[in-house]
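Heads up: the structure comes next, in structure tokens.
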Amino acid sequence: VAATRHADKNSGRARGVPKVWVGMTSPAPDAQQRFTRPGRVLIVDDDESIRLAISHAIKRHGHEVEVARDGAEGLERLLVDGPFDVTLCDIRMPRMDGLSLLQRALAADPRQRIVMMTGHATVETAVQALKLGATDYLTKPFDDIFAICEGVVAHAIEQRIRARTGLVPPLSRSAVRA
């Protein structure tokens, strides 16, 4: 699977941190309309205002949303209340950081779609998250939170549904690490 770079001025990306889509050049613009059921989304962030804003935007698109205040609570929700179609996870949090959550969650179920978010973006962190198996990497603050939901979240949910139904082979984590 080839990784391609995609620039999106509304993605919430800091300068110098490219948006990376694994296996495609961009999300399908009408991905949301193709769903036969709403997706389940977990938001893991220690900032309550971010959790509420993202939750509102995602619920507006008809998805079921659950939240966690830190990485440890997020991992527990993933393991006990899962599966989720996509998890949006902050990187810097108390008790357990997002990269640790990413590793542990994918060890439990490698088919999970986890999108990492951070307000402290670096190219190194983005590369590390993607090598560990993150579906995508977003920087805060978001320019347009509704565009995030229409693009990144819809695409991740669509990938999860396709992988479950066998329409398209699931993304190979080893292809991301290569």
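Read-outs: derived from the displayed coordinates by stated rules, not from any lab. Predicted, not measured: the structure shown is a model, and the values here were computed from it.
Under a 5 Å amide H cut-off, with hydrogens placed 1.01 Å from N, V65 pairs with V41 among residues at least 5 apart or on other chains. Close amide H pairs (under 5 Å, H built 1.01 Å from N) link L138 with M116, M117, T118, residues at least 5 positions away or on another chain. Comparing Cα centroids, segment 70-95 and segment 100-147 end up 12 angstrom apart. Taking amide H as placed 1.01 Å from N in the peptide plane, L88 has its amide H under 5 Å from the amide H of L42, I43, V44, V115, each at least 5 places away in sequence or on another chain.
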